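The values are calculated or read from the model by the stated rules, or taken from the named source; none is laboratory data. Computed from a predicted structure; not experimentally measured. Ideal geometry is used to build each Cβ from the backbone, glycine not excepted, and the neighbour counts take in all protein chains shown. Ligands, DNA and RNA are stripped out before the accessible areas are found, and what is left, the full protein with its side chains, is counted by its heavy atoms. Shrake-Rupley method; radii C 1.70, N 1.55, O 1.52, S 1.80 Å.
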Amino acid sequence: MNTYIVVGSVLLLWIAGGFYRRRKNRNKVIYVDKNNCVGCRRCVKRCTRRVLEMAEDEAGKRAVVKYPDKCSACGDCRRKCKFDALKLIERS
Ligand code: SF4
Ligand code: SF4
């Protein structure tokens, strides 16, 4: 019985946390700092909305925000980036 209460509480907190993050970030969008990006692709693989893509410039392969309108600002890609290259910024 106690196990059900603990699991239920954790689940509720997780769902509430998701709603809170979405509400807090609803006017935000992901931004790639090209100076920090090393092109590891971790963020591209993580984003289920396919907002990010890889692109090549003179400095090599980098992540770019291809479809900003599809970004929910969930922050999942940020948590995957080990190089502090992703930020949530205000939508312009
Ligand atoms: S996870 Fe970070 S370093 Fe890797 S491609 Fe994405 S933005 Fe660049
Ligand atoms: S914040 Fe979420 S939706 Fe936006 S690019 Fe990152 S993983 Fe995709």
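For the structure I just gave you, tell me whether Glu58 is at pLDDT 95 or above and acidic (Asp, Glu). Criteria not met by Glu58.
Scanning segment 47-73 for residues that are out of contact with any strand residue (DSSP E or B) (no Cβ under 9 Å at 6 or more places or on another chain) and among the hydrophobic types (A, V, I, L, M, F, W, C) turns up just one, Ala59.
Set side by side, the residues Cys77, Cys37 differ, and just one is part of a helix (DSSP H, G or I), modelled with pLDDT of 95 or more and within 14 Å of ligand 1 (Cβ to nearest atom), which is Cys77. Counting only residues that are in a helix (DSSP H, G or I) and either open to solvent by less than 50 Å² (accessible area, probe 1.4 Å) or farther than 12 Å from Val32 by Cβ (or both), segment 55-74 holds 2 of them.
Say whether the condition of being among the small types (Gly, Ala, Ser) and outside any strand (DSSP E or B) is met by at least one residue in segment 1-11. Yes, some residue in segment 1-11 is among the small types (Gly, Ala, Ser) and outside any strand (DSSP E or B). Answer yes or no as to whether Tyr31 is closer than 23 Å to Gly17 by Cα, near ligand 2 (Cβ under 10 Å from one of its atoms), open to solvent by 40 Å² or more (accessible area, probe 1.4 Å) and not hydrophobic (A, V, I, L, M, F, W, C). Spelling it out, Tyr31 is indeed closer than 23 Å to Gly17 by Cα, near ligand 2 (Cβ under 10 Å from one of its atoms), open to solvent by 40 Å² or more (accessible area, probe 1.4 Å) and not hydrophobic (A, V, I, L, M, F, W, C). Answer yes if at least one residue in segment 40-54 is farther than 22 Å from Arg91 by Cβ, in a loop (DSSP other than H, G, I, E, B) and more than 10 Å from ligand 2 (Cβ to nearest atom), and no otherwise. Yes, the conditions are met somewhere in segment 40-54. Consider segment 22-34 and keep the residues that are charged (D, E, K, R) and in a loop (DSSP other than H, G, I, E, B). The one that is farthest from ligand 1 (Cβ to nearest atom) is Arg26. Could you please find all residues in segment 80-92 being in a loop (DSSP other than H, G, I, E, B), closer than 16 Å to Arg22 by Cβ and open to solvent by 100 Å² or more (accessible area, probe 1.4 Å)? Matches in segment 80-92: none.
Remark: pairs (first residue in segment 64-92, free of Cβ contacts under 8 Å to residues at least 12 places away in the same chain and at negative phi; second residue of a type in the set (Ser, Thr, Tyr) and open to solvent by less than 50 Å² (accessible area, probe 1.4 Å); Cβ separation under 9 Å; 6+ apart in sequence or on different chains) are absent. Search segment 82-92 for residues being within 16 Å of Lys34 (Cβ to Cβ) and under 9 Å from the mean Cα position of the chain (by Cα), and hand back the single one that is farthest from ligand 1 (Cβ to nearest atom). Checked segment 82-92; the qualifying residue farthest from ligand 1 (Cβ to nearest atom) is Lys87.
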